[in-house]
Amino acid sequence: MDAPLIIRPEIALENFFPIFLSSAFVIILGLFYIGIFTLVKINKLKSGFMPVAYVFWLAQTFCLYYLGILIRSEAFTQYVLMAAMFGFLVIPHFIYFLLEKTHENVEH
């Protein structure tokens, strides 16, 4: 029995560089978001920098959305990608909350 043939749409060669850049920006902008978020939470940066972290998150979300368009992902995949970005926004807050509660319970 032969394996089923999976037909995928071809990605245009002129889209290679935008796909590469948007993929790289998703990683780099996520690094800046988490980095600034962490530095603000541990009081190494003033709290006024927190909006800058959210701007990096918004830019990262846009780059991931644009990447999904460039690779012609289906609507369900786009929803999953945006849900992942929402999780990337919320989970650092939840982790920091857990760390604070653990610190209060253990040290005091």
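One table, with the values for the structure above:
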{"item": "Residue match in segment 79-98 (condition: modelled with pLDDT of 95 or more, over 18 Å from the mean Cα position of the chain (by Cα) and surrounded by 11 or more Cβ atoms within 10 Å (Cβ to Cβ))", "result": "no"}
{"item": "Cβ pairs under 7 Å, 6+ apart, first in segment 50-71 and in contact (Cβ under 8 Å) with a residue 60 or more places away in the chain and over 10 Å from V26 (Cβ atoms), second among the β-branched types (V, I, T) and surrounded by 15 or more Cβ atoms within 10 Å (Cβ to Cβ)", "result": "I71/I19"}
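Yes/no per residue for (1) buried (at least 17 other Cβ atoms within 10 Å of the Cβ); (2) in a loop (DSSP other than H, G, I, E, B); (3) in contact with a Cys (Cβ under 8 Å, 6 or more places away or on another chain):
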| site | (1), (2), (3) |
| --- | --- |
| I6 | no, yes, no |
| F17 | no, no, no |
| V26 | yes, no, yes |
| G30 | yes, no, no |
| F37 | yes, no, no |
| V52 | no, no, no |
| L58 | no, no, no |
| F62 | no, no, no |
| R72 | no, yes, no |
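The values are calculated or read from the model by the stated rules, or taken from the named source; none is laboratory data. Keep in mind that what you see is a predicted model, and the values were worked out from it rather than measured. Note: ideal-geometry Cβ built from the backbone for every residue, glycine included; neighbour counts use all protein chains shown.
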